[in-house]
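The block underneath contains the structure these notes are about, expressed in structure tokens.
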Amino acid sequence: MDLKGRVAFVTGGSGGIGSSIVQALAMAGADIVVGFNGNSAAALDVCAAVKTLGQQSDAVQIDQADSGAAAAAVDRAAGCFGRLDVLINNAAWNTGIPFADLDALSVEIWDRIFATNARGPFVLARAAARHMREQGAGRIVNIASVAGLVPAGSSIAYACSKAALIHLTRCLAVALAPEITVNCVAPGLVEGTRMAARIPEAVVRMVKEQAVLKRTASAADIAQQVVAFCRADSVTGQVLNIDGGVHFH
Ligand SMILES: NC(=O)c1ccc[n+]([C@@H]2O[C@H](COP(=O)([O-])OP(=O)(O)OC[C@H]3O[C@@H](n4cnc5c(N)ncnc54)[C@H](OP(=O)(O)O)[C@@H]3O)[C@@H](O)[C@H]2O)c1
């Protein structure tokens with residue numbers, strides 16, 4: 001798919017990785033709807049940056065843990081520039097709970113993480129697919145985590161929600177073919193993001209030591225892979241790890 005003249009809705013576009021994805025899609029020629037939850041100032045900054053690249057941009061508030069609000073936000077996003085070609089399911093929520101502390105992982109936290117990170121992307125994809133099918137084509141890229149592939153990450157619930165998102169990618173690739181492709185990027189630790197700021201320095205050092213490239217994941221590389229998945233016409237149901245080379249051997 002040539003991204004020129006297309007419209008992309010990037011959830012969590014106000015965040016660290018999301019703003020890199022927004023920039024890369026805009027540089028590829030797409031107009032961008034920036035999804036945000038609470039940080040409207042950051043979302044407006046990201047929209048302004050898109051406009052300096054010569055593309056149109058608008059911001060849409062969304063709490064994707066609320067299914068009704070999520071579906072309505074997709075319709076508002078499609079209304080911004082009259083179409084919707086690309087959905088990037090990038091937004092997520094987490095909180096740090098050591099795996100061994102099972103009692104600290106309450107049912108309320110479990111449900112919030114799953115509602116935001118797994119059910120939300122499903123509801124958003126379902127709503128977006130209606131617009132994409134009407135137009136005859138579409139692209140969905142989910143941002144999961146290597147925590148969905150190995151038993152690690154900020155909490156058991158977060159890891160399981162990302163495993164669900166990875167399998168949702170494959171299931172939706174079947175469900176939405178042939179008009180819509182569905183792929184997934186699974187990042188490792190990305191330094192400089194709000195999520196990474198909650199991780200102790202010793203863990204960051206350990207992650208770098210484990211990586212064959214001796215570095216953490218780059219938001220720019222994640223963004224470029226998102227663009228590559230959007231451009232590709234014969235790739236669907238795929239998960240690509242971007243993690244400095246930790247989780248392939
Ligand atoms: N950073 C890492 O090391 C890392 C590693 C692996 C995977 N990931 C994944 O990469 C993606 C982006 O993470 P990030 O590091 O860029 O995090 P971030 O900077 O904290 O951004 C999270 C984004 O999600 C939005 N969001 C949070 N709760 C939401 C909700 N209920 N409804 C809608 N939007 C909501 C936030 O909106 P507001 O700011 O407007 O509230 C923000 O834009 C996430 O899926 C994360 O799991 C990150």
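Throughout, read-outs are computed from the coordinates displayed, never taken from laboratory work. Not measured: the values here are computed from a predicted model. When we count neighbours, we look across all protein chains shown, and the Cβ atoms used for this are built from the backbone with ideal geometry, even at glycine.
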- prompt: Whole-Hz Karplus ³J(HN,Hα) for the stretch 231-240, in order, using 6.51 cos²θ - 1.76 cosθ + 1.60 and θ = phi - 60°, x for Gly and Pro?
  reply: 6, 5, 9, 10, 10, 8, x, 9, 10, 10
field: Only Lys, Arg (+1) and Asp, Glu (-1) charged, at Cβ; the stretch 7-242 dipole about Cα centre in debye
entry: 360 debye
field: Test item: Cα-centred dipole of the stretch 87-168, Lys/Arg +1 and Asp/Glu -1 on Cβ, debye
entry: 480 debye
query: For the stretch 153-170, in order, what is each residue's ³J(HN,Hα) by Karplus, 6.51 cos²θ - 1.76 cosθ + 1.60 with θ = phi - 60°, in whole Hz (x at glycine and Pro)?
result: x, 6, 6, 4, 5, 4, 4, 5, 5, 6, 4, 5, 5, 5, 6, 4, 3, 5
query: For helix 120-135, what angle does its Cα long axis make with the longest principal axis of the chain, in degrees from 0 to 90 and rounded to 10?
result: 20 degrees
query: With the chain treated as a Gaussian network of Cα nodes joined by springs under 10 Å, which of A104, A186, A71 yields the largest mean-square fluctuation?
result: A104
statement: Given backbone amide H placed at 1.01 Å from N, residues whose amide H is under 5 Å from that of V60, ignoring those fewer than 5 places away on the same chain, are V34, G35, F36
field: Taking E201, E134, E191 and counting other C-beta atoms within 10 Å, the order from fewest to most
entry: E201, E134, E191
task: Choose one answer from V50, V190, V107: the residue with the largest mean-square fluctuation in a GNM of the chain with alpha-carbon springs under 10 Å.
output: V107
field: Convex hull volume per residue in cubic angstrom - Cα atoms of the stretch 181-249
entry: 91 Å³
- prompt: Which ³J(HN,Hα) values in Hz, rounded to whole numbers, follow from the phi angles of the stretch 70-84 under the Karplus curve 6.51 cos²θ - 1.76 cosθ + 1.60, where θ = phi - 60° and Gly and Pro get x?
  reply: 5, 5, 5, 5, 5, 5, 5, 4, 5, x, 4, 10, x, 6, 8
statement: Footprinting proxy, T169, T11, T216: sorted fewest to most Cβ within 10 Å, the residues are T216, T169, T11
task: With N denoting the number of residues in the stretch 109-178, provide Rg(C-alpha) divided by 2.2 N^0.38 Å, to two decimal places.
output: 1.19
- request: Please grab the % of Cα pairs in the chain that end up more than 32 Å from each other.
  value: 15 percent
- prompt: Over the stretch 7-242, what is the mean sequence separation of C-alpha contacts under 8 Å (at least six apart), divided by residue count, expressed as relative contact order in percent?
  reply: 20 percent
